[in-house]
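*Asks:* First, the structure itself, so that you have it in front of you.
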Amino acid sequence: MRRAAQALVLCLLVCLPAHMAAGAPSEYQLKAAFLYNFALFTEWPEHVGDTLNLCVYGSDPFGADLLKLEERSVGTRRLSVHLTPTLNELSNCELVFISRSAIGQLPQILGTVDGSPVLTVADSPSAMRRGVAINMITQQNRIAFEANLTAARAQGLNLSSRLLRLAEEVEQ
């Protein structure tokens, strides 16, 4: 398991733009890279289209780091990054990062995207158990993640077995 986690971290660092990788990346630079890899290892239904809208709901902890993912390829699709201030706008998203400032609205957020092909991601304690598909956690000064396979499948999404093998915990 440790070797697989090291391989993902190496992949994340390789995927980072060169100027990010030059110094030690910040927490949210790494989390932006994780978001990109979550998109790479998620299978959306064909009807989703050519663009994956990656939306941040709540306060934006990424700053310019997430914007560097704009127009990056995800298979045959391209990423488009958006700050999404209202619940209604979440219906236009395929990947939603729920910031810590908005986690109190989690039931409303999940209700808004229910039944749509939307991968929900957070970095808040217990978010995976509360219905978020992927939750990033910090353990021993490293970023890891937990996956809620049931939540992802309920949205019509498939998470790659390669991604799931790297998760600290998978809820099925």
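*Asks:* Taking helices (runs of 4 or more DSSP H) that fall entirely within segment 24-130, which contain at least 1 residues that are open to solvent by 10 Å² or more (accessible area, probe 1.4 Å) and closer than 21 Å to residue 171 by Cα?
*Replies:* 27-40, 106-113
*Asks:* For segment 141-172, how many residues are at positive phi and open to solvent by 60 Å² or more (accessible area, probe 1.4 Å)?
*Replies:* Residues meeting the conditions: 1.
*Asks:* Here are some conditions: (1) touching a helix residue (DSSP H, G or I) at 6+ places or on another chain (Cβ under 9 Å); (2) open to solvent by 40 Å² or more (accessible area, probe 1.4 Å); (3) without any contact (Cβ under 8 Å) to a residue 40 or more places away in the chain. Residue 138 meets all but one. Which one does it not meet?
*Replies:* The failed condition is (3).
The values are calculated or read from the model by the stated rules, or taken from the named source; none is laboratory data. Source: prediction; values computed, not measured. With ideal geometry, Cβ positions are generated from the backbone for all residues, glycine too; neighbour counts draw on all protein chains shown. Surface areas here come from the heavy atoms of the whole protein model, side chains and all, with no ligands, DNA or RNA. Shrake-Rupley method; radii C 1.70, N 1.55, O 1.52, S 1.80 Å.
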